[in-house]
Amino acid sequence: MGGHEAWGLRAAAFALAGIAGAALQMQQAALWSPGAYAALLALATCLLMLARLGGRARAPSLLLALACALFAVTGLRAGLRLADALPAVLEGQDIVVTGVVAELPRQLTDGVRFTFEVEEAVHGGGRAAVPGRISLGWYRGWHEDSLIAAPFEALRAGQRWRFTVRLKQPHGTLNPHGFDFELWLFEQDIRATGYVRATDLTPATRVHDNAGHAIERWRQHVRDAIASRVADPRAAGVLAALAVGDQAAIERSDWELFRATGIAHLVSISGLHVTMFAWLAGALVGALWRRSERAMLLVPATVAARWGGVGCAALYALLAGWGVPAQRTVWMLACAALLASVGVRWPWPLVLLAAALVVTVIDPWALLQPGFWLSFVAVGLLLASTPAQQGDAAPSARRPAVAQALRHGLHTQLVATLGLAPLSLVFFQQVSVVGFVANLVAIPLVTLLITPLALLGVLVPPLWQAGAWLVQAMAQGLGLLAAWPWAVWTAGVAPPGAQLAGLLGALLLVAPLPWHVRALAVPLMLPLLVPAPPRPPDGSMQVTVVDVGQGSAVLVRTREHLLVHDAGPAYSRDSEAGTRVLLPLLRAEATRRIDLLMLSHRDTDHVGGAGALLAALPVAALSSSLEASHELRAGSVPHSRCEAGQRWSWDGVDFAVLHPLAADYERPSLKPNALSCVLQVTDAGGRRVLLTGDIEAEQELRMVRSDPTTLRSSVLVVPHHGSKTSSSAEFLDATAPSVAVLQAGYRNRFGHPAPGVVGRYAERGIALLQNDSCGAWRWPPLDDADVPPCERSASARYWHHRSSGDGLEIAPR
């Protein structure tokens, strides 16, 4: 083994040790004290000194030193970030903040959302300790106390404003396999969220138009220019995404179309997109460089192409917003180029490991983001699938620049489409079956026509209209592909072993190997494509009380059936729980259909996500108390009114509707809450769960007086989110649950749960769980644990919000 190779293997071991140290630190549920991390750094120093003595302990000492150093440094950095916190006493208080709009604002249907760099904060006549970066919403007509007094279109990147705001600590819903919003905020260094209160008494004031962030101002100028010249919102959004990286400009329905057809990577400036841009730019720079003898004498063409690609990628990422995925990719490309420039000829896996270590040092929490792995795996697949002889300069020199760029682009996206499919299943539980066909057309269309038109339109604006026509034509074709019955393959979360086997299969599939070797990819990938998720046995049920914030959604599984009781809230006019929470969870559990969707009543915090479920999954039947004219009853799904006395059994589990009575539908004076569908589920062992919707004390007492013995249950989903109008003493005595689960949002504006209600549960020794401090809760646990854990305790990490009541303690009865 040569010196370079041996040194490269040692460097790979060091890279793995450092990455492992950072990754291990991110498994901590709570941070250590700064002194503990400092002591670990001291230990790393001692290990380095020990390594200098040589001997057999040298290599292990170096590896352990690097792991300890990255563990400690990551912990110290996390502590500094968490220290920039909003004090709990300032949550929900009126605070006057002055600062600068730090990034391109995101336009919403009912307002705008933006990142704000705070320069000064005042509360109660004195300075307030507010984090340096906060995320603010400025809404129109959605929140009663955040109405906009001035047009929100006036808000632009780089402006200095003075607002009255109400803030809260970073908090999001937490569900199995769901998006970790608190991690995303932590990585973005956003340590508080809130909204602007722009009223006559608290007006918003624009202090300065050009207070900083020149690139962000330029990006907004370009985005606004595209919107003004392109009438079609879909086309304008795609062009803005490609020109300045404003992915929020693309409508949610269009994102669904692009994901379903496997071309989402083409319309978003992600790590893969920046890599592709560097690849094409490098090929073009190299081809042009070879045309000049003087340039070739000054710098070899391969070096010029390498650094030209990195430079163009960095410029592109900068003008596209310098987002975290783009930053990671630029550092990765720069590291690989540096190693090649200094003459270190390592095999490509070692180069990628070195680049991964650099990225980890700069941004350790990138390890937890799908974009990190998509970027590195994409590059790895491309390198693994390229025969060594293709890197020779001679063939490239003889090939025309455009043809070479086209070849590289097609090769890049073809490998990405095939090789990244297993990784898409691992992270997103879906992959486009029609993606290969879609990419054959979309790759050259987006790469060679639409993207250049979007960028050149900055200089020649009429070119944007030409790009818009191409986007419209592409969207029509994609719509036809997405309409195919099997356009998207979804699969549940596979075990870790199946995930590793699937990724190995992807590597074999695109590697330059004989076909009989590549054929091994099929059996390796099958467990990932068709996993066997755990299901309760006959006579048992699995209940998941989903964390949807201020709303309600409960999943009840038997061996072969699924019932969804309520579908969560509509968070805004642009977002609802069906798309954000329920569908990712259902896909992760390999759900192919919903056997019964029961919507307790018409309030939007219970039916806000139902439309998304009905559109995305086959629903066999719909049961509700909705009026005949309600839009959710307009589809083809068979509907029946929920009425007391309805009973059925699935797989040895009994279901019974306890409320409302048939006569209740004839009383037009009843509020929607009073018509809530109350469902009791009983397994073969006699354990019961009672799902109550938003019934109030009158309905509770009527059920108690009808037959109190039928109400006794092991688990109670608290009526009406803990409102003071529900959870009457008589009802709690009749149900007598061991555990009560309360679905309410963190710091919700209704004040749920009411203190008196919490007191009544405590007086009876009933363990009360709240979704905002518990996250999702499953009962009974599949692993036969004595106590089902809250999701926040089962997957606790130090960046997660801490509040009293985390976890679960069953009170003795």
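Within region 715-730, if we keep just the residues that are in contact with a helix residue (DSSP H, G or I) (Cβ under 6 Å, 6 or more places away or on another chain) and crowded, with 23+ Cβ neighbours inside 10 Å, the residue that is nearest to GLU763 (Cα to Cα) turns out to be SER727. Residues of region 424-470 that are touching a residue at least 12 places away in the same chain (Cβ under 8 Å), open to solvent by 60 Å² or more (accessible area, probe 1.4 Å) and closer than 27 Å to ALA491 by Cβ: PHE427, PHE428, VAL433, PHE436, VAL437, VAL441.
Residue-by-condition table, conditions (1) part of a loop (DSSP other than H, G, I, E, B); (2) closer than 27 Å to ILE362 by Cβ; (3) at pLDDT 90 or above:
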position: ALA69; (1), (2), (3): no, yes, yes
position: GLY92; (1), (2), (3): yes, no, yes
position: VAL96; (1), (2), (3): no, no, yes
position: VAL122; (1), (2), (3): no, no, yes
position: LEU147; (1), (2), (3): yes, no, no
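For ARG81, the requirement of being surrounded by 15 or more Cβ atoms within 10 Å (Cβ to Cβ) and basic (Lys, Arg) is met.
Take the conditions modelled with pLDDT under 95, closer than 27 Å to GLN188 by Cα and touching a helix residue (DSSP H, G or I) at 6+ places or on another chain (Cβ under 7 Å) and apply them to SER793. Does it pass? Spelling it out, it is not the case that SER793 is modelled with pLDDT under 95, closer than 27 Å to GLN188 by Cα and touching a helix residue (DSSP H, G or I) at 6+ places or on another chain (Cβ under 7 Å).
Within region 249-270, is even one residue under 28 Å from ALA301 (Cα atoms), within 26 Å of the chain's Cα centre (by Cα) and in contact (Cβ under 8 Å) with a residue 60 or more places away in the chain? Yes: one or more hits. Reported count of residues in region 498-510, each being without any contact (Cβ under 8 Å) to a residue 24 or more places away in the chain and open to solvent by less than 60 Å² (accessible area, probe 1.4 Å), is 1. Given the condition at positive phi and either touching a residue at least 24 places away in the same chain (Cβ under 8 Å) or in a helix (DSSP H, G or I) (or both), answer yes or no: does some residue in region 733-747 qualify? Yes, region 733-747 contains a residue that is at positive phi and either touching a residue at least 24 places away in the same chain (Cβ under 8 Å) or in a helix (DSSP H, G or I) (or both).
Going through (1) open to solvent by less than 30 Å² (accessible area, probe 1.4 Å); (2) not in a helix (DSSP H, G or I) one by one, SER61 falls short only on (2).
A single member of SER572, SER636, SER600 is closer than 30 Å to GLY539 by Cβ and either among the polar types (S, T, N, Q) or surrounded by 20 or more Cβ atoms within 10 Å (Cβ to Cβ) (or both), and it is SER600. Can you confirm whether ILE134 is part of a strand (DSSP E or B) and either closer than 28 Å to SER575 by Cα or modelled with pLDDT under 95 (or both)? Yes; evaluated as a whole, the condition is true for this residue. Being touching a strand residue (DSSP E or B) at 6+ places or on another chain (Cβ under 9 Å), closer than 19 Å to VAL717 by Cα and open to solvent by 50 Å² or more (accessible area, probe 1.4 Å) is a property that ASP654 has. Residues that are over 12 Å from VAL546 (Cα atoms) and either in contact with a Leu (Cβ under 7 Å, 6 or more places away or on another chain) or in a strand (DSSP E or B) (or both) within region 558-574 comprise LEU562, LEU563, ALA570, TYR571, SER572, ASP574, listed in sequence order.
Within region 312-322, the set of residues being touching a residue at least 24 places away in the same chain (Cβ under 8 Å) and open to solvent by 30 Å² or more (accessible area, probe 1.4 Å) comprises CYS312, LEU318, LEU319, TRP322. Selection of first residues in region 13-34 that are more than 9 Å from LEU66 (Cα to Cα) and of second residues that are among the acidic types (Asp, Glu), restricted to Cβ pairs under 8 Å at least 6 apart or on distinct chains, gives an empty result.
Of the residues making up region 518-553, those that are of a type in the set (A, V, I, L, M, F, W, C) and surrounded by fewer than 24 Cβ atoms within 10 Å (Cβ to Cβ) are ALA519, LEU520, ALA521, VAL522, LEU524, MET525, LEU526, LEU529, VAL530, ALA532.
Considering only residues in region 763-790 that are assigned to a helix (DSSP H, G or I) and open to solvent by 20 Å² or more (accessible area, probe 1.4 Å), the one that is modelled with the lowest pLDDT turns out to be ASP772. For region 657-677, which positions are open to solvent by less than 10 Å² (accessible area, probe 1.4 Å) and touching a residue at least 40 places away in the same chain (Cβ under 8 Å)? Within region 657-677, HIS659, SER676, CYS677 qualify.
What do you reckon, is TRP346 touching a residue at least 12 places away in the same chain (Cβ under 8 Å) and buried (at least 20 other Cβ atoms within 10 Å of the Cβ)? Here the answer is yes, as TRP346 does meet what is asked. Listed by first and then second residue, the pairs linking a residue in region 678-700 that is under 13 Å from VAL717 (Cβ atoms) to a residue that is polar (S, T, N, Q) and part of a strand (DSSP E or B), with Cβ atoms under 7 Å apart and 6 or more places separating them unless they lie on different chains, are ARG688/GLN680; ARG688/THR682; LEU690/GLN680.
Only residues that are in contact with a strand residue (DSSP E or B) (Cβ under 8 Å, 6 or more places away or on another chain) and loosely packed, with under 15 Cβ neighbours inside 10 Å were counted across region 611-629, and they come to 3.
From the list VAL89, VAL96, VAL130, VAL122, the lone residue that is among the hydrophobic types (A, V, I, L, M, F, W, C), surrounded by fewer than 21 Cβ atoms within 10 Å (Cβ to Cβ), out of contact with any Gly (no Cβ under 6 Å at 6 or more places or on another chain) and in contact (Cβ under 8 Å) with a residue 40 or more places away in the chain is VAL96.
Within region 292-311, the set of residues being open to solvent by 50 Å² or more (accessible area, probe 1.4 Å) and either closer than 19 Å to VAL330 by Cα or under 38 Å from the mean Cα position of the chain (by Cα) (or both) comprises THR302, ARG306, TRP307.
The values are calculated or read from the model by the stated rules, or taken from the named source; none is laboratory data. Worth saying up front: this structure is predicted, and the values here are computed from it rather than measured. All Cβ positions, glycine included, derive from the backbone under ideal geometry; neighbour counts span all protein chains shown. Ligands, DNA and RNA are stripped out before the accessible areas are found, and what is left, the full protein with its side chains, is counted by its heavy atoms. Shrake-Rupley method; radii C 1.70, N 1.55, O 1.52, S 1.80 Å.
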